[in-house]
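Throughout, read-outs are computed from the coordinates displayed, never taken from laboratory work. None of these values were measured; they are calculated from a predicted model. Here the Cβ positions follow ideal geometry from the backbone for every residue, glycine too, while neighbour counts run over all protein chains shown.
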Amino acid sequence: MTDTPASRRGRFRAALRRHATPSLVIGVGLVVAITLFGVIAPMVVADPLAISSAGMVGPSAEHWLGTTQTGQDVLAQLAWATRGSLVVGIIVALLALFLSAFFGILGGYLGGWVDEAFSLFTNVVLILPGLPLMIVIGSYVQQRGLLLIAVILAITSWAAAARVLRSQTLSIRTRDYVQAAKIAGEKPHRIIAVEILPNLLPVMSSGFVFALITAILGEAGLSFIGLGVVGTQTWGSMLFYAQNGQALTLGGWWWFVPPGLMIALLGCGLSLINFSIDGIINPRLRTAPKAARSVRRAEEADDSEAGDSEATTKEALV
């Protein structure tokens, strides 16, 4: 059968309908909505650093999310902080994806002493405590730019995904089509790119989403204790200034609730996407509930039949 664009579109729609679970739709909706807010809102809001005399004013028609203690618009700060947190998270996730793919896939395919060395290094990084390490590095560095914080966060978030990719690569490299490519004289980089990497894309997607969640939470934690990115507004920096401005004591809930809510919503959306990717990778996670319901229905049917036969036996005896 000819592989036409129409047939490819039909297969894509069928796959989309098959995998478009409610959790995936909700997760994608949350992530897209927050991303659009972070991309579009900074273009239309006021200057987030502009100081006015309306300090600690609650939500109103003029300031939809109220103002800070120095009269800065919270909505404008939230818009720029959303963009900043997303930029940091995406950079960290990409760096972590590259590191995990390099050490996991390359080591698993080459094997031998390369695999042993990569595995040893990965295990060393894996046992390092992430948050304390980030705090120590961040406290000793004075000029904490966006790229430096991203590198610090990426260093502590790639090892677990590398171990998963290594185990998958060890399984895939022994399959017939990989062995056939080796016998045909294919170069190692082509075998990895053409034969192995496409089979690891779902696992890598799950690792990317998990690294994105970890990066945003890690950056928020560093910024909340004053060790975040200097000169860049993020959700964590908003919470840091709200804490220093005694927003909770003064009852200024509109200052700290929006960034905390955005972190929770984005984390929820990314988690739902990650669970859906796990379901696509492992179909048993999708079929297990159905199988359990079928087993329960079969057991209920057996119990009903047993009850009917017992009743019939009693009637016959009477």
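Neighbouring Cβ atoms within 10 Å as the yardstick, rank 121, 210, 103 fewest first.
121, 210, 103
Once Lys and Arg get +1 and Asp and Glu get -1 on their Cβ, which of 193, 183, 212 lies farthest toward the positive end of the dipole of the stretch 132-277?
Among 193, 183, 212, the one farthest towards the positive end of the dipole of the stretch 132-277 is 183.
Which one, 239, 161, 265, projects farthest toward the positive side of the charge dipole computed for the stretch 16-297 from Cβ point charges (K/R +1, D/E -1)?
Of the candidates, 161 comes out farthest on the positive side.
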